[in-house]
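Colleague: Please read through the structure below; I'll follow up with questions.
Read-outs: derived from the displayed coordinates by stated rules, not from any lab. Small disclaimer: the values here were computed from a predicted structure and weren't measured. Ideal geometry is used to build each Cβ from the backbone, glycine not excepted, and the neighbour counts take in all protein chains shown.
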Amino acid sequence: MTTHWKFASRIFALSCLCLALVPLSAQRHDVDIAVVVHPDAPVSNLNLSDVRKVFLGDRQYWSTNIPVVLLIRAPVARERDVVLKIIYQMSESQFKQYWIAKIFRAEAATAPKVVYSNDMANQLVTAIPGAIAFIDSKDVKPGSKVVRVDGRLPGEAGYPLR
Amino acid sequence: MGSRWLLLLLFSLTTSALLAQSPPPATPTEPTVQSLLNRIQQLENRIDQLEDRERKQETAQAGAAAAPTPAETTTQAAVTTPAPTQAPPTSHMEEHASMGEIRDTERRFPSLQIRGFGDVDFSATDQKGSVSGFNLGQFVLHLASPLSEKVSFFGEVSFTAQPTGYDLSVERTIIRYDYNDYFKLSFGKYHTPIGYWNAAFHHGAWLQTTIARPEMIKFGGTFIPTHFVGVEAEGNIPSGGLGLGYNVGLGNGRSSLLSKSGDSGDSNDNRAWVANVYARPARFYGLQVGASVYRDKLTPEPGQNFGEWITAADVVWTKEKPEFLAEYANVHHRDELTTNTWDSQAFYVQLAYRLPWQQSKWKPYYRYEYIHKPEDDPTLVNVLDLSGSTLGVRYDITNYAAFKGEYRNSRHGVNEPRVNGAFFQTAFTF
């Protein structure tokens, strides 16, 4: 009987853990992705099509003296998935092929720089003039310059990047 | 007995609660991806801890060896310490890490990137006298090197197999100065911005969906000058959501051998010019519409001069579901001595679709192409009338290699029999 109770209590504990993880997982998928730029970038509001133009490498300068530096998370990160799905509307392989063709078509000098964590993205976007990055809005460091997309900030209704 | 019932009750409660809370469109792979993300996060944290520990040890050793001078301390603080209002205070260790990461992502000049392209082909046709077999496609090296924030070099060389060896050719060599998005100036040899394909796909069959370029813009052909030596200005045109852009070029134009550009000098004292305007409307991401004009004076032989006007238009939808490419060009020649004129037309329409199954590796396509040239045009001697269809499929083995298979049915020349052919290619980049 005691063995059965032990087994039952383990099952109960496991069930509680699963129940606790489900809402956490759901919450993670609801988090908005913020567009963060270097504090000196002369931009505070962009349309989704402007963001696309920047990340496609069709707009390469914020102003004459400030080139755009694209930062993008490495594969598997959710920020990258959102960027590929909503901004590029490409698969991972299409994205790679796009940038190979872009560079060797002489339309861009370099591909986006890869960052491996949101901490790294936060640090680089504040340190590199002209940098722009997508960061999970929960991980954006206080004081960072978050750009409105279609007039909305992360967390506001209708924000397009989630 | 009672404990078994309790177990059953707990199990049913748990499963029902889980089923009630799980989102409806969940895919079978989600838990795996989630667990991978969690694992990655744990590993990142672990790396941070280890790096911190290593840095602490290094700092302790450095501190024991020599204390930093006040000047050094001041400089470091000025570069790395964020403004108090902008970010929470960070430790010296974090600042040190940040500087390391910045150095890693800093642009270095020059920084040469080389990418190679190659392909191996097989062809068999029912044309009389044709020989089936394998052949090596062009072996191509693309080079790109930013020389400063605003100056970049691009180059492209190709090795083409010939019966007696390999022909080495400089296909593109461009030095470009970027003033801003609206004005970029380049000098050198580039692909003439007439229509879409010629400036979008270069030497390297992996870049394009099909095995071969359309006949009207094939390398070594004479219908349209594929290369141009001179100066080119390009950029965006402020136009809001219309997404206008332009290319304007001035150069040597065709050499006396009309399939070649004037790499070593012009064939006459007249410069060629080209202008191309295109729109990429923001509302229709993937759509590009363009129009081009090209003007040159041809001197195939001393004393023979022809005026050349090329007008072209293109509509493309570059997304792969579907991919649609269509171009039209009219080539007008005028003999300056006799004032005789000739007009030749060509177009192609290509449709492809990236199938969603099997990780989107399959891409079937179809192309129809057409060329008409007046028989007595003395300039486009090597151009034949063409009406042909290509039906094929591309299979992307990896992100960097593809197999392609094609069936072609075409008629070259007037009153000639149609030719059927099977073509296969493996194209790759490395």
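Colleague: Computed FRET efficiency, Cβ-Cβ of B:L43 and B:I397, R0 35 Å: what is it to the nearest 0.05?
Modeller: Once rounded, the FRET efficiency stands at 0.70.
Colleague: Using the per-residue mean of other Cβ atoms lying within 10 Å as a proxy for protection, in what order, highest first, do the peptides B:361-368, B:206-213 fall?
Modeller: B:206-213, B:361-368
Colleague: Follow-up question, since we're still on this one. Restricted to Cα positions, what overall size does region B:305-370 have along the principal axes? Three whole-Å values, descending.
Modeller: For region B:305-370, the Cα spread along each principal axis is 61, 16, 13 Å.
Colleague: Give the shape of region B:337-430 as rounded, prolate or oblate, defined through the alpha-carbon gyration tensor: a ≥ b ≥ c are the square roots of its eigenvalues, a/c under 1.5 means rounded, and otherwise the shape is prolate if a/b is larger than b/c and oblate if not.
Modeller: Cα axes put region B:337-430 in the prolate bin.
Colleague: Next up: Sorting check: for A:148-156, A:130-138, B:156-164, which peptide has the highest mean count of neighbouring beta carbons within 10 Å, and how do the rest follow?
Modeller: So the peptides A:148-156, A:130-138, B:156-164, ranked by packing, come out A:130-138, A:148-156, B:156-164.
Colleague: Using amide H atoms built in the peptide plane, which far-off residues or other-chain residues are under 5 Å from A:W62 H to H?
Modeller: For A:W62, whose amide H was placed from the backbone, the distant partners under 5 Å are A:V68.
Colleague: Follow-up. Explain nothing, just compute: Karplus ³J(HN,Hα) = 6.51 cos²θ - 1.76 cosθ + 1.60, θ = phi - 60°, for every residue of region B:275-292 in order, whole Hz, x for Gly and Pro.
Modeller: Residue by residue, region B:275-292 yields 9, 9, 10, 9, 10, 10, x, 4, 5, 10, 4, x, 8, 9, 10, x, 9, 9 Hz.
Colleague: To the nearest 0.05, what FRET efficiency results for B:T341 and A:E92 with a Förster distance of 60 Å applied to their C-beta separation?
Modeller: About 0.70, to the nearest 0.05.
Colleague: Same structure again: Taking the Cα centre of region B:317-430 as origin and charging only Cβ (+1 Lys, Arg; -1 Asp, Glu), how large is the dipole, in debye to the nearest 20?
Modeller: So the dipole magnitude of region B:317-430 works out to roughly 900 debye.
Colleague: Can you list the lysines whose alpha carbon sits under 22 Å from that of A:K141, skipping same-chain ones fewer than 8 residues off?
Modeller: Straight-distance partners of A:K141: A:K113.
Colleague: Ratio of alpha-carbon Rg to the 2.2 N^0.38 Å globular estimate for region A:37-162, to two decimals, please.
Modeller: In units of the globular-protein estimate, region A:37-162 measures up at 0.99.
Colleague: If you don't mind, there's one more thing I want to ask. Compute the length gained on full extension between B:S387 and B:W362: take 0.36 nm times their separation in residues and subtract their Cα-Cα distance, giving the result in nm to one decimal.
Modeller: Length gained between B:S387 and B:W362: 6.3 nm.
Colleague: Quick one: net charge around B:L136, please, counting Lys, Arg +1 and Asp, Glu -1 for every other residue with C-beta under 11 Å from its C-beta.
Modeller: With Lys, Arg at +1 and Asp, Glu at -1, the net is -2.
Colleague: List, in the order given, every pair from B:K150/B:K361; A:K102/B:K260; B:K184/B:K373; B:K128/B:K321 whose Cα-Cα distance in the structure shown is over 28 Å.
Modeller: Check vs 28 Å cut-off fails for B:K150/B:K361; B:K184/B:K373; B:K128/B:K321.
Colleague: May I pose another question? With unit charges on the beta carbon (Lys/Arg positive, Asp/Glu negative), name the residue among B:N236, B:T222, B:G253 whose Cα is farthest towards the positive pole of the charge dipole of region B:208-273.
Modeller: Toward the positive end, the furthest listed residue is B:T222.
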